[in-house]
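Everything on this sheet refers to the single structure shown next.
Read-outs: derived from the displayed coordinates by stated rules, not from any lab. Keep in mind that what you see is a predicted model, and the values were worked out from it rather than measured. Virtual Cβ from ideal backbone geometry, glycine too; neighbours counted across all protein chains shown.
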Amino acid sequence: MKRLIFTVIAGLFLMNVNAQDENSTYNKAMEYFQQQEYNFAVREFTKCIGFDNSKPDYFYKQGLSHLALKNYNKAYESFVDADGLSPNNVNYTYYIGVALLKQNKGGDATGYLDNAKRLVQKDTTASFDHSDLDYYWALASVEDGYSDDILRSIDSAKNNKNQASTYSEADLNYLYALYYNYQKHEEEGSGEIICNYATKAYDGGRKDAKKIKKRWCN
């Protein structure tokens, strides 16, 4: 009986120690995250997952850290793990789409960003700026149909751009150039429009606009 009591007490003590270690590690991870020390944040969030792999927030924050480091595939894997633990969370869904898009997998990203657009109407916990959702959804969809929806989304991203938005004016101009290049290139006067947007994008630092600029600026 004494041995059983000792075992129970020892077990409770270890659980308390582990909980304290977990909380301490999480606090350290968040400190690194807020200081934008993302390599260290990844390390500490990985330790948190080692303590308890049933908490989606650990995977989510690990994914955000990978995303900041441009480790897009690792970010995608972390967000998928978070989503597996808590499906239909607007943040996890959105960032899966963003991580796929950053890997040039727009076709795969569109479904997640479509879902994020639906979820954000009901979920007030979105940690991203809504203008970013408009921008990334349009970027993922620009080669597909529904051109009017895409243009409305680009216009919304332009009109609602703010300090929290993660895209630049050059990014918007490049997206407009892509849109008209894919969707409206046969319309009269579209060549001049495409050239104008591509030139602004290129001059703003989007060197990948050079190909479109070369094609339409004669």
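With the convex hull of its Cα atoms as the shape, region 52-156 has an orientation-averaged projected area of 6.3 nm². Size descriptors for region 136-218 (Cα atoms only): Rg and Dmax, in that order, 12.1, 37 Å. Rounded to the nearest 10 degrees, the angle from helix 90-102 to the longest Cα principal axis of the chain is 60 degrees. Springs between Cα atoms under 10 Å define the GNM used for the chain, and in it the highest mean-square fluctuation of 117, 158, 207 occurs at 207. Panel note: the C-alpha atoms of the chain, placed on their principal axes, show extents of 90, 31, 26 Å (largest first). Taking each DSSP H run with n ≥ 4 as -39500 (n - 2.57) and averaging over every residue of the chain yields -24000 deg cm²/dmol at 222 nm. For residue 66, neighbours were defined as the other residues whose beta-carbon sits under 12 Å from its Cβ, and their charges (Lys and Arg +1, Asp and Glu -1) total +3. Each of 182, 38, 76 was scored by the projection of its Cα onto the charge dipole of the chain, and the greatest displacement toward the positive side belongs to 38; charges sit on the C-beta of Lys, Arg, Asp and Glu.
Under a Gaussian network description of the chain, with springs only between Cα atoms under 10 Å, the residue in 58, 182, 95 that fluctuates furthest is 182. With only the Cα atoms considered, region 14-106 has a convex hull volume of 80 Å³ per residue. Quick check of the Kirkwood formula: for region 102-175, what is the inverse mean of 1/r over all pairs of different Cα atoms, in Å? Value: 12.6 Å, from the Cα pair sum.
Name the cysteines of the chain that stand alone by the Cβ rule: no other cysteine Cβ under 4.7 angstrom. Here 48 come out as lacking a disulfide-compatible partner, given the Cβ-Cβ threshold of under 4.7 Å. Relative to the Cα centre, the charge distribution of the chain, modelled as +1 at Lys and Arg Cβ and -1 at Asp and Glu Cβ, gives a dipole magnitude of about 660 debye. Pick from 167, 60, 92: which is most flexible by mean-square fluctuation in a GNM of the chain where alpha carbon atoms under 10 Å apart are linked? Ranking 167, 60, 92 by mean-square fluctuation puts 167 first.
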